[in-house]
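Below: the structure, in structure tokens.
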Amino acid sequence: MTSSTAALVQLDADHGLFPAWCGVWAATERLDRPDQEPRPVSDHVALARQLAEPGGSRGGAHRAALVGGEVVGALRLILPLKDNPTMAVVDLAVHPEHRRQGLGRVLHDEALRLAGEHGRTTLITEIDEPGHDVPGRRFAELLGWTCDLAETRRDLLLPVDEGRLSAVEADARAASAGYRLVTWRDRTPEEFLEDRALLEQRMSTDAPHGDLPVEEERWDGERVREYEAAHIARGRTVLSAGAVREGRMVAFTDLQVPLARPERASQGGTLVLREHRGHRLGALIKAAVLRELAVAFPEVRRVSTYNAETNTPMVAVNEALGFVPAGRLTSWSRTLG
Ligand SMILES: CC(C)(COP(=O)(O)OP(=O)(O)OC[C@H]1O[C@@H](n2cnc3c(N)ncnc32)[C@H](O)[C@@H]1OP(=O)(O)O)[C@@H](O)C(=O)NCCC(=O)NCCS
């Protein structure tokens, strides 16, 4: 079979082929990271429903590539609706048993067509690179994409070494006098909702993003609640910590735990407002969520985080906590036309 016999089908979460579409991602993830469970179908379903929700901050489209009635390729386009109006995020994968037959190109052509149809002129994608020379990199280079950002993935094996954690905490407490630590789960306390929105907005441009052509995102309390609800819908619980000064939350960090498979948690965003940096608040809040995690989910074996190497302060905190390199994630862009 070749790409000339492939058919493209439009899907949503309720389509009968959606589980097979998710299977393409699972097969890809198993090949790339055999020691790790792939994302469950429920995660893709919840994201698809969120993208289809009227009034949400992101829209999207799904396509399956079929050969002989079998789903062998998957495409998802995510369209920001509240900011970045010319951008589209592209995720595409071909089942490992059907590669090098031109299916990737078919899905890529469809991504360009769909993006154009929605008035998008800048495309963004991410490539997981657990090792060297992954096919996605060759493919992206060939099709005119530029690598704008490289982030190192670091994993922390749990339980955390108590000596390290208490040393980081002691150091952070000494440097952060005047700041109060707060923790919560899943829902930002109402009193900090607007502060959280500002932190998320800053996160979109303050965290190093290399040459990625992204504009600052627009966040308000409502979008924070939408974001929180999306995590719950995707079967995750989020443990968070923040630093408060004079009643305002000026730093936050999130740790996401997939409830069906809690062995591997992921670090979400961490940001300290520029004007409050230099007080070890990053270390203070990250150590706090690790403590919360140990109590609430002792079954978590590993936490993964991604950082640009230029993000020296964040990398230093992570290394002090015992995170070690485990591959990289690259972000790419391409203009349309
Ligand atoms: C990248 C990916 C989508 C390519 O799918 P595919 O169906 O094999 O792609 P195609 O057959 O259309 O390949 C197009 C060209 O890309 C290049 N390419 C693809 N895979 C390659 C590999 N493993 N090594 C070197 N070049 C490769 C080749 O130039 C190829 O043309 P050729 O086969 O005529 O030499 C697939 O490997 C995949 O799903 N990877 C994991 C997810 C991913 O990285 N997605 C990319 C995000 S942009």
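Restricting to region 286-311, and then to whatever is surrounded by fewer than 20 Cβ atoms within 10 Å (Cβ to Cβ) and within 17 Å of Ala251 (Cβ to Cβ), can you tell me which residue is modelled with the lowest pLDDT? So the residue we want is Asn311.
Contact map, region 10-39: first residue more than 16 Å from Arg63 (Cβ to Cβ), second residue assigned to a helix (DSSP H, G or I) and away from the ligand (no atom under 13 Å from the Cβ), Cβ cut-off under 9 Å, separation 6 or more or different chains; pairs are Ala26/Val41; Pro38/Cys22; Arg39/Cys22. Considering every residue within region 102-118, establish whether at least one is within 11 Å of the ligand (Cβ to nearest atom) and closer than 27 Å to Phe323 by Cβ. No: zero hits. Here Thr152 clears all of (1) surrounded by 15 or more Cβ atoms within 10 Å (Cβ to Cβ); (2) over 24 Å from Gly210 (Cβ atoms) except the condition numbered (2).
When region 136-146 is filtered for residues that are on the phi < 0 side of the Ramachandran plot, surrounded by fewer than 17 Cβ atoms within 10 Å (Cβ to Cβ) and touching a residue at least 12 places away in the same chain (Cβ under 8 Å), the ones remaining, listed by number, are Arg137, Leu143, Thr146.
What number goes with the only condition from (1) out of contact with any strand residue (DSSP E or B) (no Cβ under 6 Å at 6 or more places or on another chain); (2) surrounded by fewer than 17 Cβ atoms within 10 Å (Cβ to Cβ); (3) assigned by TED's automatic domain parsing to the domain that holds Gly210; (4) modelled with pLDDT under 95 that Gly269 does not pass? Going through (1) out of contact with any strand residue (DSSP E or B) (no Cβ under 6 Å at 6 or more places or on another chain); (2) surrounded by fewer than 17 Cβ atoms within 10 Å (Cβ to Cβ); (3) assigned by TED's automatic domain parsing to the domain that holds Gly210; (4) modelled with pLDDT under 95 one by one, Gly269 breaks only (1). Across region 103-110, not a single residue is classified as at pLDDT below 95, surrounded by fewer than 21 Cβ atoms within 10 Å (Cβ to Cβ) and of a type outside the set (Val, Ile, Thr). The single residue among Val224, Val168 that is surrounded by 15 or more Cβ atoms within 10 Å (Cβ to Cβ) and touching a residue at least 40 places away in the same chain (Cβ under 8 Å) turns out to be Val168. Pick from Glu151, Glu169: which is more than 23 Å from Val94 (Cα to Cα) and within 16 Å of the ligand (Cβ to nearest atom)? None of the others qualify; the one that does is Glu151. The residue list Arg137, Arg164 contains one member that is in a helix (DSSP H, G or I) and in contact with an Asp or Glu (Cβ under 7 Å, 6 or more places away or on another chain), which is Arg137.
Kindly list the number of the only condition in (1) surrounded by fewer than 15 Cβ atoms within 10 Å (Cβ to Cβ); (2) under 25 Å from Leu79 (Cβ atoms); (3) within 16 Å of the ligand (Cβ to nearest atom) that fails for Thr122. All conditions pass for Thr122, except number (1). Across region 30-47, the number of residues qualifying as within 21 Å of Gln256 (Cα to Cα) and within 9 Å of the ligand (Cβ to nearest atom) comes to 0. Restricting attention to region 40-69, the residues that are in contact (Cβ under 8 Å) with a residue 12 or more places away in the chain and over 26 Å from Lys82 (Cα atoms) total 7. Within region 64-79, the set of residues being under 25 Å from Pro213 (Cα atoms) and surrounded by fewer than 21 Cβ atoms within 10 Å (Cβ to Cβ) comprises Ile78, Leu79. Only one of the numbered conditions (1) part of a strand (DSSP E or B); (2) more than 10 Å from the ligand (Cβ to nearest atom) is not met by His132, and that is (1).
The values are calculated or read from the model by the stated rules, or taken from the named source; none is laboratory data. Quick caveat: nothing in here was measured; it's all calculated off a predicted structure. No Cβ is skipped: glycine too gets one built from the backbone with ideal geometry, and neighbour counts run over all protein chains shown.
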